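Worksheet: one structure, shown below.
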Amino acid sequence: MFIGTLHQGDRVVLFSQFTMMLDILEVLLKHEQYRYIRLDGKTQISDRIHLIDEFNSDMDIFIFLLSTKAGGLGINLTSANVVILHDIDCNPYNDKQAEDRCHRVGQTREVQVIRLISKGTIEESMLKISQQKLKLEQDMTATETGEEGAIPADIATLLKTSLGL
């Protein structure tokens, strides 16, 4: 597994859109006797802050498993320096939000982002589409000089909505 490629002291945040995948990873982590924390849509709101604080303060916890939707916004996980996106979201901004959980004020180490993509798979196609969406949005909202705002804000909002951004 990828664990063997990590350096001593690396801490991982792994995002998946599918709780079934988190279930499978939990079984593996238990088998390998790694300490971990899990947060998904079933996690009580009142428990989330405690789990985040526990991960950030207990360096023996190696990995934080999160569902992309439940763990993608408003969470500060600067104690981790490796982000793994197990599967790609149709909306590239959801993946960017997930990545940003470790890119926060207080981060002292370089953050490595890993996307698990195999050649010839649907994930590879989804990544290409996501990159095209981001480029289209960038092209539509940039002037010839590269500045933001080539089109009015209301049209840009409509384009983003229609692209699912």
Close pairs (6 angstrom Cβ cut-off, 6 or more residues apart or separate chains): more than 20 Å from Gln17 (Cα to Cα) and assigned by the TED database to the domain that holds Leu85 in the range 49-71, surrounded by 21 or more Cβ atoms within 10 Å (Cβ to Cβ) and not polar (S, T, N, Q) anywhere
Phe55/Phe64; Ile61/Phe55
Quick one: would you say Lys128 is of a type outside the set (S, T, N, Q), outside the structural domain of Asp53 (by the TED database), touching a helix residue (DSSP H, G or I) at 6+ places or on another chain (Cβ under 6 Å) and at pLDDT 80 or above?
no
Would you point out the residue of the range 62-80, among those that are within 13 Å of Gly41 (Cβ to Cβ) and assigned to a loop (DSSP other than H, G, I, E, B), that is modelled with the highest pLDDT?
Leu73
Residue under evaluation Asp139, criteria (1) among the charged types (D, E, K, R); (2) within 22 Å of Gln97 (Cα to Cα); (3) modelled with pLDDT of 85 or more, criterion not met:
(3)
Which residues, counting only those in the range 49-97, are more than 22 Å from Ile24 (Cα to Cα) and either crowded, with 20+ Cβ neighbours inside 10 Å or of a type in the set (Gly, Ala, Ser) (or both)?
Ser57, Gly74, Ile75, Leu77, Ser79, Asn81, Pro92, Asn94
Any residue in the range 4-24 that is closer than 17 Å to Thr108 by Cα and not assigned by the TED database to the domain that holds Asn94 sitting within a Cβ distance under 6 Å of a residue that is in a helix (DSSP H, G or I) and modelled with pLDDT of 75 or more? List the pairs, counting only those 6 or more apart or interchain.
none
Filter the range 1-28 down to the residues that are small (Gly, Ala, Ser) and either surrounded by fewer than 13 Cβ atoms within 10 Å (Cβ to Cβ) or modelled with pLDDT of 95 or more (or both), then identify the one that is farthest from Glu54 (Cα to Cα).
Gly4
I'd like the full set of residues that are within 15 Å of Asp10 (Cα to Cα) and either outside any loop (DSSP other than H, G, I, E, B) or touching a Ser or Thr at 6+ places or on another chain (Cβ under 7 Å) (or both), limited to the range 30-52.
Tyr36
Please state which of the following conditions Glu110 fails to meet, knowing it meets all the rest: (1) surrounded by 13 or more Cβ atoms within 10 Å (Cβ to Cβ); (2) of a type in the set (D, E, K, R); (3) touching a residue at least 24 places away in the same chain (Cβ under 8 Å).
(1)
Kindly check whether there is at least one residue in the range 53-61 that is assigned to a helix (DSSP H, G or I), small (Gly, Ala, Ser), at pLDDT 75 or above and under 18 Å from the mean Cα position of the chain (by Cα).
no
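The values are calculated or read from the model by the stated rules, or taken from the named source; none is laboratory data. None of these values were measured; they are calculated from a predicted model. Note: ideal-geometry Cβ built from the backbone for every residue, glycine included; neighbour counts use all protein chains shown.
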